[in-house]
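Here, each number is a calculation from the coordinates, and none is a lab measurement. Because the structure is a prediction, the values reported are computed rather than measured. Neighbour counts are summed over all protein chains in view; Cβ atoms, including those assigned to glycine, are modelled from backbone coordinates with ideal geometry.
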Amino acid sequence: MRFIKPIFLGSIAAGGALVFELLAQSFFPDANFSTAALSLNIILILIIAAVIEEFFKLLVIYKSLFLQKNNDREFLYSALLLGFGFALTEIVISNYSSLPQNPNLYFGLLGIILVHTFLAGFIGYLLLKIRTGKIAVFTAILLAATALHFAYNFAVFSGLPR
């Protein structure tokens, strides 16, 4: 049961992020993901999506796992599982049907799973090392995770690596 809860929490975080991502995308009706060019609108959407996803992961990891952790190792495993659940939900929800069928667009299922699992573990690791609830710390963790997530998104949507 202790392995199922964080995966389920990751699914909840992904669902919440999806709602806000769809809302954010509605402000950019001219963004066209099927073209090869990365427009300013698409770059802004990639940044906003990374902020939203990492915010929801940070929020759920902190509120549902960190504040109720028994030990550091179990917490870190739970954070990784939360990221895995987030990734699985993102894959199921998108089902790749909304993405253009361009093989250079994404690294595939493994890339999605690895980026979300790694970043959830990264967030958990930073929470363990810093061990404070100050808003500046949350902001720093969110910015670090967002920067890594955006770098991944940018590489995927710009067709790198070739």
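Structural remarks
- Per-residue Karplus couplings for the range 8-25, computed as 6.51 cos²θ - 1.76 cosθ + 1.60 with θ equal to phi - 60°, are listed in order as 5, 4, x, 5, 5, 4, 5, x, x, 5, 4, 4, 6, 5, 5, 4, 5, 5 Hz, Gly and Pro entered as x.
- Calculated FRET efficiency for the pair residue 128/residue 41, C-beta based, R₀ 45 Å, to 0.05: 0.75
- Neighbour counts of other Cβ atoms within 10 Å put 76, 40, 119, 128 in the fewest-to-most order 40, 128, 76, 119.
- Each residue of the range 72-87 was assigned a 3J(HN,Hα) from its phi angle through the Karplus curve 6.51 cos²θ - 1.76 cosθ + 1.60 (θ = phi - 60°); the sequence is 5, 5, 5, 4, 5, 4, 5, 5, 4, 5, 4, x, 5, x, 4, 4 Hz, with glycine and proline shown as x.
- Derived scalar couplings between HN and Hα for the range 41-47 equal 4, 5, 4, 4, 4, 5, 5 Hz in order, rounded to whole Hz, by the Karplus curve 6.51 cos²θ - 1.76 cosθ + 1.60 (θ = phi - 60°), x for Gly and Pro.
- Label positions at residue 93 and residue 139, each projected 7 Å from the Cα along the C-beta direction, are separated by 2.7 nm.
- This ranking places 82, 9 by how few other beta-carbon atoms lie within 10 Å of each, fewest first, which gives 9, 82.
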